[in-house]
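Here's the structure, in structure tokens; my notes come after.
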Amino acid sequence: MNQAQLQQVLEGLVADHRSAHHLGQVADYIPELGKGDPSLAGIAVWSPEGLVSAGDCRIPFTLQSISKIFTLMVVLRDRGEEEVFSRVGSEPTGDPFNSIVKLETAERRPLNPMINAGAIAVCGMLEGKTLEERFARVTDLLEEVLGRPVSIDENVYRSEKETGHRNRALAYFLKDTGVLDGDVEEVVDIYFRQCSILVTCEELARLGLFVANKGVTLDGRRLLPRRIVRLVSTFMVTCGMYNASGEFAINVGIPAKSGVAGGILAVVPERFGIGTFGPALDRKGNSIVGVRMLRDLSRQFELSIF
Ligand code: GLN
């Protein structure tokens, strides 16, 4: 299939599924996200042959939970697996992403780094003297991959900072159990900042290609050891779509990570990166339109890794 044919396929996916947004709702527990336009829909595929996209692919939105995979890569590189997995586990939960219920486990550490509690624990391991330096560990990696300076949506950041009490509660619990060192408010602040980083659907595909290539950029620079990116891709399969990860593995079968602003970053290992955008979410917090487009694309081209 050439790029022009792929373009037609992607246009078809957007046309077929855009209206499914009626079945879901934009996230409004972060008030600023509630202003999102649910009817937006886009999909982009970035392969070694280049970028092909359709629909609303150049509208910036916030990474939200998709940021968790990049922070995890940075921390695995800087701290090593042993330390990281002494503070956060590697098992799926079957609970919502912001659940507080299973924190009180025998080990008293978050079950995995893709749920909010685990991602906050990961933020607590970022290195640097100041908050800005620690946050820059994450933006530096994204900037290297995207080839442009990264910025945050100040309104979304402030909105979550003002209302993110559950995330704060998770963080204070982790402070109590010794998973988090340092200043809790600062760690949560970094978490809110990383969730507010702006990307487009096309850029999600580019980030996806970086994951597909196991840590090598478009222009052939290796930024991370292969093993780290493989490890993070594995978490995307087992926990990337939260408590819908099993269903997604059956229906789509590729590593993916979703965010509540409506983005999904998906990866066909060694082949290409896919970005989808559609702000209306299902009850588990995944983009309705995005999941449907990925399901059809995977079926049509037999992309499942299983
Ligand atoms: N910032 C969001 C939160 O912590 C991220 C969650 C998500 O994208 N699933 O609630």
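Consider only pairs whose beta carbons are under 7 Å apart and that are at least six residues apart or on different chains; among these, list those whose first residue lies in the range 240-252 and is within 16 Å of PRO113 (Cβ to Cβ) and whose second residue is in a helix (DSSP H, G or I).
The qualifying pairs are MET241/PHE248; SER245/THR238; SER245/CYS239.
Just checking, which of ASP78, ASP56 is surrounded by fewer than 19 Cβ atoms within 10 Å (Cβ to Cβ) and away from the ligand (no atom under 16 Å from the Cβ)?
Every option except ASP78 fails the conditions.
Of everything in the range 102-126 that's assigned to a helix (DSSP H, G or I) and of a type in the set (A, V, I, L, M), which residue is surrounded by the fewest Cβ atoms within 10 Å (Cβ to Cβ)? Let's see the steps before the verdict.
We begin by selecting, within the range 102-126, every residue assigned to a helix (DSSP H, G or I); these are 102-103, 116-123.
Of the ones still in play, those that are also of a type in the set (A, V, I, L, M) are 103, 117, 119-122.
On the way: LEU103: 20, ALA117: 28, ALA119: 26, ILE120: 27, ALA121: 27, VAL122: 27.
The selected residue is LEU103.
In the range 39-51, is there at least one residue being within 16 Å of the ligand (Cβ to nearest atom), surrounded by fewer than 17 Cβ atoms within 10 Å (Cβ to Cβ), outside any helix (DSSP H, G or I) and not aromatic (Phe, Trp, Tyr)? Give the steps one after another, and end with the answer.
From the range 39-51, those within 16 Å of the ligand (Cβ to nearest atom) are none; that's our starting set.
No - not one qualifying residue is present in the range 39-51.
Just a yes or no: is a residue in the range 13-21 within 30 Å of LEU170 (Cα to Cα) and at pLDDT 95 or above?
Taking every residue of the range 13-21 in turn, none turns out to be within 30 Å of LEU170 (Cα to Cα) and at pLDDT 95 or above.
Listed residues SER99, SER86; which is within 12 Å of the ligand (Cβ to nearest atom), open to solvent by 10 Å² or more (accessible area, probe 1.4 Å) and free of Cβ contacts under 8 Å to residues at least 40 places away in the same chain?
SER99
Considering the range 218-243 alone, what residues qualify as being surrounded by 13 or more Cβ atoms within 10 Å (Cβ to Cβ), more than 16 Å from the ligand (Cβ to nearest atom) and part of a loop (DSSP other than H, G, I, E, B)?
LEU218, LEU223, LEU224, PRO225
Which residues, counting only those in the range 47-104, are of a type in the set (Lys, Arg) and at pLDDT below 90?
Answer for the range 47-104, where residues must be of a type in the set (Lys, Arg) and at pLDDT below 90: just LYS102.
When you scan the range 94-119, how many residues do you find that are among the β-branched types (Val, Ile, Thr) and under 27 Å from PRO225 (Cβ atoms)?
1
Checking the structure you have, find out if any residue of the range 68-86 is touching a strand residue (DSSP E or B) at 6+ places or on another chain (Cβ under 9 Å), under 30 Å from GLU104 (Cβ atoms) and not hydrophobic (A, V, I, L, M, F, W, C).
Scanning the range 68-86, I find at least one residue that is touching a strand residue (DSSP E or B) at 6+ places or on another chain (Cβ under 9 Å), under 30 Å from GLU104 (Cβ atoms) and not hydrophobic (A, V, I, L, M, F, W, C), so the answer is yes.
Output the qualifying pairs, or none if there are none: Cβ atoms under 7 angstrom, residues six or more apart or on different chains, first residue in the range 124-144 and within 20 Å of ARG168 (Cβ to Cβ), second residue acidic (Asp, Glu) and in a helix (DSSP H, G or I).
If the second residue must be acidic (Asp, Glu) and in a helix (DSSP H, G or I), the pairs left are LEU131/GLU186; LEU131/ASP189.
Which residue, of GLN300, GLN194, is open to solvent by less than 10 Å² (accessible area, probe 1.4 Å) and part of a helix (DSSP H, G or I)?
Of the residues listed, the single one that is open to solvent by less than 10 Å² (accessible area, probe 1.4 Å) and part of a helix (DSSP H, G or I) is GLN194.
The values are calculated or read from the model by the stated rules, or taken from the named source; none is laboratory data. On a predicted model such as this, the values are computed, not experimentally measured, just so you know. Note that we place each Cβ from the backbone using ideal geometry, even for glycine, and neighbour counts take in every protein chain shown. Areas reflect the complete protein model, heavy atoms only, side chains present, ligands, DNA and RNA absent. Shrake-Rupley method; radii C 1.70, N 1.55, O 1.52, S 1.80 Å.
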